[in-house]
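Some notes on the structure that comes next.
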There are 2 protein chains.
Amino acid sequence: MPSHFQSVALHHASRLINHGPTVLVTSAHGGRRNVMAAAWSMPVEFTPPRVAVVIDKNTFTRELVAASGAFALCIPGADIAGLTYAVGSSSGRAADKFAQHAIAAQPGPVLGMPLIEEGCLAWLECRLIPERHTEEAYDTCFAEVVAAAADARVFAGGHWQMQGEGDAALRTIHHLGAGNFVRAGGMWRVGG
Amino acid sequence: MPSHFQSVALHHASRLINHGPTVLVTSAHGGRRNVMAAAWSMPVEFTPPRVAVVIDKNTFTRELVAASGAFALCIPGADIAGLTYAVGSSSGRAADKFAQHAIAAQPGPVLGMPLIEEGCLAWLECRLIPERHTEEAYDTCFAEVVAAAADARVFAGGHWQMQGEGDAALRTIHHLGAGNFVRAGGMWRVGG
């Protein structure tokens, strides 16, 4: 399958999660890797592009992120909502979830984090900014985006393009809780 | 207009922003009040219900929040996307934006924060948890939710109910950037 991914300028990277999509957090260290789902992430700055994401301190992901100082956020499209929920419901400590679910991943250009493009609309490779207090108190990890790319069919010129109903596979998903998702609906412009 | 708002149990409050809606941040102190839009917020804990929201240190809202130690998040429906964008594009330092835009607000039950129900789907009244470092470095304010309510037509039994296309006014909005919004689309359930 040909990839439609093209790199995204770093000053546009925070926009990829501006609208609150559920993300996959991928991580790797010392020959091991993992993928989990996270509904709780947000940008905190455009330039430099910085994000915050909540990663429970009991997860295997948190262990890998602490060891490597890096992670990636991959943004799933609606076609892989089931997979997103599945990797959010089991631990990767015992088994490699990439192998278990036949998820293809390639190493990121800057930090070598596992990046998922098939079924995803974008990814952000991130370097952890160590903040011991907020990591401990709120499970909140801050990071700087060092590389990003998106499917050019839905993110072009630094903007999401989600006009009309479009192809459901090319819409971000937003977890309401308990396995219930909504899809990003037809885009419209106000003001300006 | 009759209000459809009913209180939300505190252990369900974080779910109100689980899917990344754009919110209105309201604040008040010493006889002054303000309302601004924020796309960057997320839950960080269910119990106790805690949230993080990015509020630029140069805003009037930030000044009021620092002085009162409180704010509220009100979740706009699609009917007031234009108003959301408008209050996100001007400062409330010179003029009261509630008066300017004829926005009705009532004082919150615990902290007296201005709560908006007309056109909104839910609100969360929040007590700031002072975190000087993250407020300075990332404009990120942590807070605990002390009261919450939602429109019972779309949030019932602790869950958002957004089946089908439904009434656009009863859908949350998600800012893509530059005045472009998407609406939460038809809900579906995966797994379980």
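Annotations
- Inspection of the range A:55-67 finds a residue satisfying the criterion of being in contact with a His (Cβ under 7 Å, 6 or more places away or on another chain), small (Gly, Ala, Ser), surrounded by fewer than 18 Cβ atoms within 10 Å (Cβ to Cβ) and more than 14 Å from chain B (Cβ to nearest Cβ).
- Criterion: farther than 22 Å from residue B:179 by Cβ and surrounded by fewer than 19 Cβ atoms within 10 Å (Cβ to Cβ) - qualifying residue of B:96, B:79: B:96
- Any chance residue A:143 is farther than 30 Å from residue B:156 by Cβ, modelled with pLDDT of 95 or more and within 18 Å of the chain's Cα centre (by Cα): yes
For every residue, the table says whether it meets (1) under 27 Å from residue A:56 (Cβ atoms); (2) touching a strand residue (DSSP E or B) at 6+ places or on another chain (Cβ under 8 Å).
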residue: B:42; (1), (2): yes, yes
residue: B:52; (1), (2): yes, yes
residue: B:56; (1), (2): no, no
residue: B:61; (1), (2): no, yes
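- Of the residues making up the range B:27-44, not a single one is surrounded by 21 or more Cβ atoms within 10 Å (Cβ to Cβ), more than 14 Å from chain A (Cβ to nearest Cβ) and farther than 19 Å from residue B:100 by Cβ.
- The single residue among A:84, A:59 that is within 11 Å of the chain's Cα centre (by Cα), in contact (Cβ under 8 Å) with a residue 24 or more places away in the chain and on the phi < 0 side of the Ramachandran plot turns out to be A:84.
- Per-region count, the range B:139-153, residues in contact with a Ser or Thr (Cβ under 9 Å, 6 or more places away or on another chain) and more than 7 Å from chain A (Cβ to nearest Cβ): 7
- One residue stands out among those in the range B:1-26 that are surrounded by fewer than 18 Cβ atoms within 10 Å (Cβ to Cβ) and among the small types (Gly, Ala, Ser): the one that is nearest to the chain's Cα centre (by Cα), which is B:7.
- Filter pass, residue B:117 being acidic (Asp, Glu), outside any loop (DSSP other than H, G, I, E, B) and either more than 12 Å from chain A (Cβ to nearest Cβ) or in contact with a Phe, Trp or Tyr (Cβ under 9 Å, 6 or more places away or on another chain) (or both): no
- Residue list for the range A:154-177, restricted to those being among the hydrophobic types (A, V, I, L, M, F, W, C) and within 7 Å of another protein chain (Cβ to nearest Cβ): A:160, A:162, A:176
- Lone qualifier among A:111, A:176 - being surrounded by 18 or more Cβ atoms within 10 Å (Cβ to Cβ) and in a strand (DSSP E or B): A:176
The values are calculated or read from the model by the stated rules, or taken from the named source; none is laboratory data. Keep in mind that what you see is a predicted model, and the values were worked out from it rather than measured. Don't worry about glycine lacking a Cβ; one is built from the backbone with ideal geometry, like all the others, and counts go over all protein chains shown.
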